[in-house]
C-alpha cells in the first residue's frame, strides 16, 4: 500500500482509481505525521505509480485537484498564462506567489482578444475567480494601476476580485534606478535584467530595509522608511538620482487607491482551502531562472520553482495536489547566460519569427533553441511535476527534421543533468536525436487523433525521456488551440 504521506497528495479522483481511501481532516493529518517514517519504505515503483495515477486526473478537460500549481520549466515565456487562463475557468482563486512586473503573460480570450499581463494573475478573465497577489511578489504600484486601467479599457474589471498581500514588498522607482546602475557596474558582464528593479527590490527585502504594502496604512512611518531606503541608495551608488519627497507625495495618493485591495492573503487562501475552494497558483519566470537552481548568476531574484509557491503564499506544500510544468516544444531565453541548445543563423531567425518570440514585458527578441531534455528533466525532479503542458508545437510544423537535445558531454564524458558551475555549462556539447517532422499545419487540430503521426511521436519521445505525462499540447495562441492527450 502507498504510504499515507504520499497518498495525501493524490487528488481524490486519483485515490479512487488507485483503490485508496481519501485522507482528509485534522485526524488524518495527525496520522500522516505519526506515520511519516513509513515514507522511507516506499519503493521507487510507488512513486512511478503515483505519477501514473495523477497523470490520469484530467477528465473531460477538468483537473481534479483542489490545489494546482502551474510552473515554468525552462527560461520563462513558455506560455503559462494561457494554461492558467484555461484552468482558471475551473477554479475559485488564482494566485501569484513570486516575481514582479518582469513576468509577462500574453493570453487570448475565446473571441481572440489579446491581453498582456504583468502583475495581475491570468485568472482575471474568469469573472468568478478571485485573484491574489501573494506576499512573495514585489509590486510597483504605479505599474499595477496602469495594468488595471488597461484591463478596464478592455472590458475587464478587477473591482472586488483582486487582493494584494499586505506582506508583499513594494518596488519603487529607486529600485529601477539602482537596477540600471548595477548593470552598468558590470561593464561587459551584464546579467541582462529587464531593469525593472526586481533584483534590487528583493535585495531590500533580504537586507531587511524594504517597505511592505501594509505599511501604507501608516503614512508617516512609511515616509520615514522610504527616506532610509533612498539614503542607502545614495550612499552606495555614484550618480544615483531619486526624488524621495516627490515619491512620498505620490504614494499618499496611491495609498488611497490601493488599500481597498489590500488584505491578509495568508489567512484568505488558507481559509479558502479549508472551506473546500479550489486554488490555482500561477508561477512566474521559470525553473532555469531560479535563484538557487537556475543558471546562476544569469537568473531572476526569486524562486520560481515549487519552494517559492509555499513561501510566497503561505500555503503548505502538503496541500498541492497537481504540479503542472509548462514547456515549449523548443526553448527560448532572454538576456545573457549559457544556453546549450541555442540555434543560430537563418533557422533561429525563422523560429523566432514564426513563434513571435519577443518579450511581453520588454519587447526584446528571445534567443531560441532546441528542446533541452536534461534541463527539462532537472526541472521535473526539482518541482515534482505531475503533468506537462507542451506548448507551441505548431511552430515546428515546417521543419523536415527536429533536433532533440537528449544529453550533454563534457570532455567526452556523458552527463544527464545541469552542472552547477556556469563555466562547465558553457563547455557542454549537446547530444541530439533527430526526430522526423510532420510538415503540415496543425493549428486547427483539436484532438490527439488528428495530430500527424510524427507530431504524436515527437510528443511521445519527449514524454518517454522525462517520465511525466504530457497532458496538454498547445497548437496555437488562442484559448481553444490546445489538444488534450487521452
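In this structure, does residue 465 turn out to be in the same structural domain as residue 371 (by TED's automatic domain parsing), buried (at least 16 other Cβ atoms within 10 Å of the Cβ) and within 21 Å of residue 376 (Cα to Cα)? When the stated conditions are applied, residue 465 passes them. Note on segment 105-146: among residues that are under 30 Å from residue 209 (Cβ atoms) and in a loop (DSSP other than H, G, I, E, B), the one that is farthest from the chain's Cα centre (by Cα) is 140. Taken together, the residues in segment 419-447 that are part of a loop (DSSP other than H, G, I, E, B) and touching a strand residue (DSSP E or B) at 6+ places or on another chain (Cβ under 7 Å) amount to 6.
Identify the residue in segment 362-386 that is more than 22 Å from residue 396 (Cβ to Cβ) and in contact with a helix residue (DSSP H, G or I) (Cβ under 7 Å, 6 or more places away or on another chain) and, among all such residues, is surrounded by the most Cβ atoms within 10 Å (Cβ to Cβ). Per the criteria, the residue is 386.
Listed by position, the helices (runs of 4 or more DSSP H) enclosed by segment 190-276 that each have at least 2 residues that are in the same structural domain as residue 93 (by TED's automatic domain parsing) and surrounded by 17 or more Cβ atoms within 10 Å (Cβ to Cβ) are 265-274.
Each residue in segment 396-409 was checked for being in a strand (DSSP E or B) and closer than 15 Å to residue 372 by Cβ, and 8 of them qualify.
Table: residues versus (1) under 17 Å from residue 425 (Cβ atoms); (2) touching a strand residue (DSSP E or B) at 6+ places or on another chain (Cβ under 7 Å).
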residue: 290; (1), (2): yes, no
residue: 308; (1), (2): no, no
residue: 319; (1), (2): no, yes
residue: 348; (1), (2): no, yes
residue: 354; (1), (2): no, no
residue: 357; (1), (2): no, yes
residue: 377; (1), (2): yes, no
residue: 392; (1), (2): no, yes
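Checked against (1) surrounded by fewer than 24 Cβ atoms within 10 Å (Cβ to Cβ); (2) within 26 Å of residue 305 (Cβ to Cβ); (3) touching a residue at least 40 places away in the same chain (Cβ under 8 Å), residue 358 passes all but a single condition, namely (3).
Look at (1) within 20 Å of residue 388 (Cα to Cα); (2) in contact with a helix residue (DSSP H, G or I) (Cβ under 8 Å, 6 or more places away or on another chain); (3) surrounded by fewer than 23 Cβ atoms within 10 Å (Cβ to Cβ) and you find that residue 79 fails only one, number (2). The residue list 441, 394, 424 contains one member that is surrounded by fewer than 18 Cβ atoms within 10 Å (Cβ to Cβ) and touching a residue at least 24 places away in the same chain (Cβ under 8 Å), which is 441. Would you confirm, using the coordinates I've provided, whether residue 149 is over 27 Å from residue 481 (Cβ atoms), part of a helix (DSSP H, G or I), modelled with pLDDT under 85 and not assigned by TED's automatic domain parsing to the domain that holds residue 206? No; evaluated as a whole, the condition is false for this residue. Would a scan of segment 253-270 turn up a residue that is over 29 Å from the mean Cα position of the chain (by Cα) and either modelled with pLDDT of 95 or more or under 24 Å from residue 94 (Cα atoms) (or both)? Taking every residue of segment 253-270 in turn, at least one turns out to be over 29 Å from the mean Cα position of the chain (by Cα) and either modelled with pLDDT of 95 or more or under 24 Å from residue 94 (Cα atoms) (or both). Only one entry of 123, 134, 112 meets the criterion of being touching a strand residue (DSSP E or B) at 6+ places or on another chain (Cβ under 6 Å) and more than 26 Å from residue 250 (Cβ to Cβ), and that entry is 123.
In the set 222, 237, only one residue is at pLDDT below 95 and touching a helix residue (DSSP H, G or I) at 6+ places or on another chain (Cβ under 7 Å); that residue is 237. Residue count for segment 397-417, restricted to those that are touching a helix residue (DSSP H, G or I) at 6+ places or on another chain (Cβ under 7 Å), farther than 10 Å from residue 432 by Cβ and free of Cβ contacts under 8 Å to residues at least 60 places away in the same chain: 3.
The values are calculated or read from the model by the stated rules, or taken from the named source; none is laboratory data. Treat the numbers as computed from the prediction; the structure is a model and nothing was measured. Cβ atoms come from the backbone with ideal geometry, glycine included; neighbour counts cover every protein chain shown.
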